[in-house]
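Undergrad: Take this structure first; my questions come after.
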Amino acid sequence: MQVNSFVLRNPPERNFSNHLKMPTMRLQKVIIFLTFFTLTVFGQPVKDMQPKLVQLIDKSLQGEIEFIKQREICETVWNKVVNQKDGEMLSPAEKKIYDNCDESHESYWDILGVGCSWYCGGGLDTISSSSTLKTIRGIKYSANNIHDLNYKTAWIEGVPGYGIGENITYHFPPQNPRITDIIIVNGYVKSQKAWQDNSRVKKLKMYVDNKPFAILNLADSRQEQTFKFAPLGYGDRENWEQLQTKPWWTIKFEILEVYKGDKYDDTAITEIYFDGIDVH
């Protein structure tokens, strides 16, 4: 990854005894300058970011049942189109069904559908979390749920209380396409009740290679929330073999603040997924 380099040259020798006589106000200015200089030279300033709210995730278990029924009707019509004999036509009712069928999503809970996306050439190898809520009635809340491109599952932290300080880490191989968009589905969005009962994230601290990078302020909403960045990842991609020898890199998200759930203190994130460049 591209990292800005800075050279701190040796200053000329000075008589520092004179500095003891500096006025208080001047000393304060020097301290403020040095603090800012340190943040700029030895690490990127931490950005405070607001999301762009996009698609509302208005899902429910009843909606899944209705989707399955409609899908079965559509498949009947699709099969007739594929296997139709010469001269055989769809009836007006069948044509109306055919026109209204959505072929882009095989599952009610799919996030991206079957079309090509950044994930055609992207992805990652592993996800790890600081804790995970134990399996309850066969439902798992593991770290993998946060990046399975499915609105029905969620990662839920597993410590007592609201999970302040708990985190999830994405591990990327060096050849992974660069990321420009981070999309977060906050809370447990499989239903309105699940979303309200469980806690949601208010602030996430984002780290790149374990260095603080941004504070992501999340809305208390079932809408997808997009944060845009300059490309994250390795920019020199012409020599593929050399690129593959570079170190893996990580993005970590740490829970700083939450919106409290009506019933549970468990904090849930349905999905954190990505969009970017280097795939088309």
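Coordinate-derived values only; no laboratory data. Keep in mind that what you see is a predicted model, and the values were worked out from it rather than measured. Virtual Cβ from ideal backbone geometry, glycine too; neighbours counted across all protein chains shown.
Undergrad: So if the hydrodynamic radius of the stretch 214-280 is defined as the Kirkwood radius over C-alpha pairs, what does Stokes-Einstein give as its diffusion coefficient at 10 °C and 1.306 mPa s, in µm² per second?
TA: On the way: Rh = 15.7 Å.
Estimated diffusion coefficient is 101 µm²/s.
Undergrad: While we're here: Dividing the alpha-carbon Rg of the stretch 71-199 by 2.2 N^0.38 Å yields what?
TA: 1.47
Undergrad: Ok, one more. With r as the distance between the Cβ atoms of Asp209 and Gln244 and R0 = 22 Å, compute the FRET efficiency 1/(1 + (r/R0)^6) and round to 0.05.
TA: 0.80
Undergrad: Let me ask something else about it. So what is Rg over Rh here for the stretch 171-270, counting just Cα atoms and using Kirkwood for Rh?
TA: So for the stretch 171-270, dividing Rg by the Kirkwood Rh gives 1.09.
Undergrad: In whole Hz, what ³J(HN,Hα) sequence does the stretch 156-161 give by Karplus (6.51, -1.76, 1.60; θ = phi - 60°), x for Gly and Pro?
TA: The phi angles translate into 10, 5, x, 9, x, x Hz.
Undergrad: Using the Cα centre as the reference, give the magnitude of the dipole from point charges on the C-beta atoms of the stretch 102-156 (Lys, Arg: +1; Asp, Glu: -1; all else neutral), rounded to the nearest 20 debye.
TA: Roughly 480 debye, rounded to the nearest 20.
Undergrad: If you don't mind, there's one more thing I want to ask. Given H placed on each backbone N at 1.01 Å, which residues far from Leu133 in sequence or on other chains put an amide H within less than 5 Å of it?
TA: Ile156, Glu157, Gly158
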